[in-house]
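Data first, discussion second: the structure below is written as structure tokens.
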Amino acid sequence: MYPDESEDASDSESSEPVAKAKPSLVPSWIMLGFVSGALFVWALPARKPAPPITEESEPRTVIVKTVPQLTTIEAVFALWGKYAVWDNEITEVALWSSETKDYADSFEVLRSGGAYFFRSIPRLTRPVLTHGVRDQSPLQFTETEAQRAEWLSEKRQETWQAISKAAAGPRPVPPPEKAPERP
């Protein structure tokens, strides 16, 4: 080695401090994300495992809406069908359901001669009959819009006549005739 070169190399190192490279912050951010994610998952409520299904465990209760059998509507209609209001040999009825405590099952009834044919429908399409049906009926009957309008017209006429009679006031009562005196 040359004496001049070794001195120059050591002088340059001591006279100028060499800046060290700054470490990257990327690994720190990755570690921070991982730790915060782990803490979040740890803070979640624990799931309860489903109990194992065994033969001894009780079966689960499943509520299934059953469609009534046609024999049910036929039997009920045989007793209560006299209250049905027919239009072109067709009427609609709703059957009481003891499970839902409501008129849940709707049917269209076709009358042909002495036979009745039942068809299940999703809902009643006619107005519900509100007059002439006994309380506690297991069937809800319907009528057409025209039949409802006719009934309402008759009720208005009766009401108007009752109001007219009441407005006319009481009629004077003629005095009783005197009976002839006896001698």
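Conditions tested, residue by residue: (1) part of a strand (DSSP E or B); (2) modelled with pLDDT of 85 or more.
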residue: 108; (1), (2): yes, yes
residue: 131; (1), (2): no, no
residue: 136; (1), (2): no, no
residue: 140; (1), (2): yes, no
residue: 155; (1), (2): no, no
Item to check | Hey, residue 119 of a type outside the set (A, V, I, L, M, F, W, C) and in a strand (DSSP E or B) or not | outcome: yes
Item to check | Which listed residue, of 49, 59, 17, 27, is over 30 Å from residue 117 (Cβ atoms), at pLDDT below 80 and either of a type in the set (Gly, Ala, Ser) or more than 40 Å from the chain's Cα centre (by Cα) (or both) | outcome: 17
Checklist outcome for this item: Residues of segment 113-137 being within 22 Å of the chain's Cα centre (by Cα) and crowded, with 16+ Cβ neighbours inside 10 Å, in sequence order, are 124, 126
Next on the checklist: I'm checking my understanding of the structure. Among residues of segment 69-81 that are of a type outside the set (Val, Ile, Thr) and either within 21 Å of residue 131 (Cβ to Cβ) or surrounded by 13 or more Cβ atoms within 10 Å (Cβ to Cβ) (or both), which one is nearest to the chain's Cα centre (by Cα)?
Outcome noted: 70
Item to check | Long-range neighbours under 8 Å by Cβ, at least six apart or interchain, first residue more than 21 Å from residue 131 (Cα to Cα) and free of Cβ contacts under 8 Å to residues at least 24 places away in the same chain within segment 82-111, second in a strand (DSSP E or B) and among the basic types (Lys, Arg) | outcome: 110/119
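The values are calculated or read from the model by the stated rules, or taken from the named source; none is laboratory data. The structure displayed is predicted, hence computed values, not measured ones. Positions of Cβ are generated from backbone atoms using ideal geometry, with glycine treated the same way; all protein chains shown enter the neighbour counts.
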